[in-house]
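Working notes, structure below.
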Amino acid sequence: MAGTQVNPTRMELTRLKQKLQTAVKGHRLLKDKRDELMREFLDLVRLNMELRLKVEEGIRGANRNFVLAKAGMSEETLRAALMAPKQEVILKQGSKNVMSVDIPVFDYDTRTADQNDIYSYGFAFTSSDLDGAVHSLAEVLPDMLKLAETEKSCQLMAAEIEKTRRRVNALEHVIIPETQEGIRYITMKLDENERSTQVRLMKVKDMMLEDAHKYSEKQK
């Protein structure tokens, strides 16, 4: 294959050697990048599992309180209490670069810093279970945002790991072996040409010596 694809010249040999050097260096750097991405990815997966368990537990607690509140209040009173939210949440999105991967960063601000602004109703006609449900949801919000951030980060890093893995495999199993084969082929061809040239030179030298010997014989 190399014989049909590679031009056996010294210039091509120099080019392939430079290509091989670059490919080997790139392969090493990509392997290091893949390993570091895997380490970061596994840390994110562990954090994601912890946050998911925490968020699910918080939501279950809020649901229990809502069920208790619904049992102790009429449905009309419950709907009226939650109809007009009092607090406002402003979501902010940024990003940070981790091993050439832009992962999202979520943060939020509230309209006011007063913790009691989460209650959009008066306390006279509502139960404490409803207060607990609303408080549970307010507490779980930061973890929900962090969970969304880590899950998206895991998806992006998994895609980057797969892309890096394909590049490493292409260099390791295709580009580097083909380049090495091309270098071997050109080296073999150049050696053959050099040997052929030496043989021709030796034959020319012998012919010249023979002609010189015959000329000297005639002179005698």
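Details
- Axial C-alpha extent at least 30 Å, average Kyte-Doolittle at least 0.0 - helices from the chain (DSSP): none
- Global dimensions of the range 129-187 from alpha-carbon coordinates: Rg and Dmax equal 25.0, 83 Å.
- For Ala71, the shell of other residues with beta-carbons less than 12 Å away shows a net charge of 0, using +1 for Lys and Arg and -1 for Asp and Glu.
- Using the rule -39500 (n - 2.57) for each DSSP H run of four or more residues, divided by the residues of the chain, the 222 nm mean residue ellipticity is -27000 deg cm²/dmol.
- Mean separation of Cα contacts under 8 Å (6+ apart) over length of the chain, as relative contact order %: 35 percent
- Accessible area (Å², per residue) of the range 45-89, counting only protein heavy atoms and a probe of 1.4 Å: 72 Å²
- With all protein chains in place and a 1.4 Å probe, the accessible surface of the chain carries 56 percent carbon and sulfur.
The values are calculated or read from the model by the stated rules, or taken from the named source; none is laboratory data. Predicted model, so just to flag it, every value in this text is computed and none were measured. Neighbour counts are summed over all protein chains in view; Cβ atoms, including those assigned to glycine, are modelled from backbone coordinates with ideal geometry. What goes into the accessible areas is simple: the full protein's heavy atoms, side chains included, and nothing from ligands, DNA or RNA. Shrake-Rupley method; radii C 1.70, N 1.55, O 1.52, S 1.80 Å.
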